[in-house]
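S.K.: Provided herewith is a single structure, encoded as structure tokens, for subsequent inquiry.
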Amino acid sequence: MTRRSRRALPAAITAFVLLAVSALVAACAIQLIVGETPLLSYDVLAAGLHDMTWSAPAVAAAGGVVGAVGLLLLLVAVVPGRARTAALDPHTSVSVRGLRNALRSAAQVDGVESAVVKVGRRRVKTVVRTRRAVVDGLADAVRTSLDHRIGEFALVRPPQVLVRVKTSRSPS
């Protein structure tokens, strides 16, 4: 099971727009019931719409905008979001954040000052910083440690491990 990100932002925007339109319609209806002049006069709105034809530029523009918004919302709904989990087997998974934290911990081999790990679908990119003057073999040690830790997770598709070593020697 691969959990996908939620579509909270498009859903919230759509809900907010529908709420605003509904509140406007409700306010106008209540004002008509009470006998006051409404915010949007039904007569003015109906007369303006009655005078328009299907070939009017305003109708085409409004249709284009509504169509574009509809296609955008459909695209957002259909295109899958970023995976938030990595599959261990067909029925279990681990969060990408948990995997990243475990790999960051595994990258802390002897001589590594800090490590930044980015977990993708096919690759794990790691940048380690060291104060060593000679960094020969450090990238291999980190890669071996990360490969071992990934092996412990038994991922369905083990990612390729890329390691980059940066020296951050302080001036003496």
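S.K.: Please list T92, T130, T144, T37 from largest to smallest accessible area, probe radius 1.4 Å, with all protein chains kept in place. List each step's numbers first, then the result.
M.R.: On the way: T92 65, T130 0, T144 90, T37 115 Å².
Most to least solvent-accessible, the answer reads T37, T144, T92, T130.
S.K.: Here is a further query. Any idea how far apart V65 and T53 come out in nm if each label point goes 7 Å out from Cα toward Cβ?
M.R.: Distance between the two pseudo-spin positions: 2.3 nm.
S.K.: Kindly sort L72, L162 by accessible area of their heavy atoms, largest first, with the probe set to 1.4 Å. Show your work: numbers first, answer last.
M.R.: Details: L72 105, L162 65 Å².
Of L72, L162, the descending order of accessible area is L72, L162.
S.K.: Is the C-alpha gyration tensor of the range 58-109 telling us rounded, prolate or oblate? Criteria: a/c under 1.5 is rounded; beyond that, a/b larger than b/c is prolate, otherwise oblate. Mind showing how you got there, number by number?
M.R.: Working: a/c = 9.09, a/b = 3.16, b/c = 2.87.
Prolate, because a/c is 1.5 or more and a/b exceeds b/c.
S.K.: Between L74 and A26, what FRET efficiency follows from the Cβ-Cβ distance if R0 is 30 Å, with the result rounded to 0.05? Before the final figure, lay out each step's value.
M.R.: Values: r = 28 Å, r/R0 = 0.94.
It comes out at approximately 0.60.
S.K.: Restricting things to alpha carbons, find the Rg to Rh ratio for the range 1-84 using the Kirkwood radius for Rh. Walk me through the numbers on the way to the answer.
M.R.: Details: Rg = 18.7 Å, Rh = 16.2 Å.
Computed over Cα atoms, the ratio is 1.15.
S.K.: Could you order L74, L103 by accessible surface area, starting with the largest, using a probe radius of 1.4 Å? Show your work: numbers first, answer last.
M.R.: Working: L74 105, L103 0 Å².
From most accessible down to least: L74, L103.
S.K.: Using a 7 Å offset from the Cα along the Cα-to-Cβ direction at both Q108 and V94, what is the distance between the two label points in nm, to one decimal?
M.R.: For Q108 paired with V94, the spin-label model returns 1.7 nm.
S.K.: Still on this model: Do the sum for the chain: with -39,500 (n - 2.57) for every DSSP H run of n ≥ 4, divided by all residues, what is the mean residue ellipticity at 222 nm, to the nearest 500 deg cm²/dmol? Spell out each step's value before the answer.
M.R.: Numbers: 5 runs with 85 residues, N = 172.
Helices in the chain give a 222 nm mean residue ellipticity of -16500 deg cm²/dmol.
S.K.: While we're here: Answer with one residue from S114, T126, A139: the one whose Cα lies farthest towards the positive end of the charge dipole of the range 101-141, charges on Cβ with Lys, Arg +1 and Asp, Glu -1.
M.R.: So the residue we want is T126.
S.K.: Quick one: pull the percentage of alpha-carbon pairs in the chain with a separation above 24 Å.
M.R.: Values: 9280 of 14706 pairs.
Counting pairs separated by more than 24 Å, the tail of P(r) holds 63 percent.
The values are calculated or read from the model by the stated rules, or taken from the named source; none is laboratory data. Just so it is clear, the model here is predicted, and its values are computed rather than measured. Virtual Cβ from ideal backbone geometry, glycine too; neighbours counted across all protein chains shown. Just so you know, the surface numbers come from the protein's heavy atoms only, side chains and all, with ligands and any DNA or RNA stripped out. Shrake-Rupley method; radii C 1.70, N 1.55, O 1.52, S 1.80 Å.
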